[in-house]
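What follows is one structure encoded as structure tokens, with my remarks underneath.
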Amino acid sequence: KRQNPDSPAIRLALAIFRSNNPDKASDPLVYLEGGPGGSALKITGGSFDQAFAPYARYRDVILLDQRGVGFSQPALDCPEMYSYLVSSLAGSLTVDEDIAQLMSAVSACGSRLAASGANLSAYNSAASAADLRDLAAVLGYDQINLIGISYGTRLALTVMRDHPEIVRSAVLGGLFPPQVSLAADTP
């Protein structure tokens with residue numbers, strides 16, 4: 001709705017773990033899962049105490065399912081990709097065959113989602129970075145701290161580029177920089 005008020009709403013799923021420390025920092029930690037397509041809410045559910053409880057002693061912690069992912073709506077799941085990943089585990093394909101199957105799965109998923117009415121151009125790093133800017137404003141945070149892994153690092157870098165005023169700090173693990181092409185460079 002940000003650019004086109006007549007477009008379907010995209011609902012972001014998130015969990016806010018509020019610090020009960022009376023002297024907590026005013027800037028929360030926002031966790032950005034990798035993937036692309038990983039759900040922060042599904043993946044960290046069983047490991048919150050280990051991974052994030054220490055931070056919650058000093059500041060609020062926010063786990064966000066980015067647009068199109070996990071519990072956010074609509075969820076743009078790609079069972080075609082899951083099938084490809086399972087079949088690729090056999091390891092009997094050449095690199096060229098593996099890339100061809102990957103591209104076939106991506107194409108089939110994209111075609112199916114587009115046919116269902118999904119506006120795939122609304123699902124990109126810049127739009128997700130703007131979501132984080134809007135989320136901080138709606139929740140009343142002047143600045144946020146980002147922690148991202150894998151694709152979450154690309155999103156964090158995009159936020160730092162497009163909306164540096166909201167970023168107090170960022171921790172990036174398993175860097176996935178914007179100039180790298182997932183499809184071309186991963187295999």
Condition check: farther than 24 Å from Ile43 by Cβ and either hydrophobic (A, V, I, L, M, F, W, C) or touching a helix residue (DSSP H, G or I) at 6+ places or on another chain (Cβ under 8 Å) (or both). Does Ala118 satisfy that? no
Residues that are of a type in the set (D, E, K, R) and open to solvent by 50 Å² or more (accessible area, probe 1.4 Å): does region 143-160 have at least one? no
Please tell me if Asp77 is under 22 Å from Ser39 (Cα atoms), of a type in the set (Asp, Glu) and at pLDDT 85 or above. yes
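For region 1-55: of the residues being of a type in the set (Ser, Thr, Tyr) and under 19 Å from the mean Cα position of the chain (by Cα), which is farthest from Leu155 (Cα to Cα)? Walk me through it before giving the result.
To start, the set of residues in region 1-55 that are of a type in the set (Ser, Thr, Tyr) comprises 7, 19, 26, 31, 39, 44, 47, 55.
If we keep only those that are under 19 Å from the mean Cα position of the chain (by Cα) too, we end up with 31, 39, 44, 47.
On the way: Tyr31: 11, Ser39: 14, Thr44: 18, Ser47: 22 Å.
The qualifying residue farthest from Leu155 (Cα to Cα) is Ser47.
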Looking only at region 27-42, decide whether some residue is out of contact with any Ser or Thr (no Cβ under 8 Å at 6 or more places or on another chain), of a type in the set (Ser, Thr, Tyr), within 18 Å of Gly148 (Cβ to Cβ) and modelled with pLDDT under 90. yes
Tell me, please, whether a residue that is of a type outside the set (Val, Ile, Thr) and under 18 Å from Leu32 (Cα atoms) can be found in region 103-124. yes
Collect the residues in region 148-166 that are modelled with pLDDT of 95 or more and not in a helix (DSSP H, G or I), keeping them in residue-number order. His163
Residue, least open to solvent (accessible area, probe 1.4 Å), within region 118-142, restricted to residues that are closer than 21 Å to Val61 by Cα and part of a loop (DSSP other than H, G, I, E, B): Tyr141
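Of these, Gly46, Gly70, Gly91, which one is farther than 16 Å from Gly148 by Cα and either modelled with pLDDT of 90 or more or in contact with a helix residue (DSSP H, G or I) (Cβ under 7 Å, 6 or more places away or on another chain) (or both)? Working first, answer last.
On the way: Gly46 fails: either modelled with pLDDT of 90 or more or in contact with a helix residue (DSSP H, G or I) (Cβ under 7 Å, 6 or more places away or on another chain) (or both); Gly91 fails: either modelled with pLDDT of 90 or more or in contact with a helix residue (DSSP H, G or I) (Cβ under 7 Å, 6 or more places away or on another chain) (or both).
Answer to the selection: Gly70.
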So, Phe71, is that one among the hydrophobic types (A, V, I, L, M, F, W, C) and within 15 Å of the chain's Cα centre (by Cα) or not? yes
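The values are calculated or read from the model by the stated rules, or taken from the named source; none is laboratory data. Every value quoted in this text rests on a predicted model; they were computed, and no experiment measured them. Every residue, glycine among them, receives a Cβ derived from its backbone with ideal geometry; neighbour counts consider all protein chains shown. Ligands, DNA and RNA are excluded from the accessible area calculation, which covers all protein heavy atoms including side chains. Shrake-Rupley method; radii C 1.70, N 1.55, O 1.52, S 1.80 Å.
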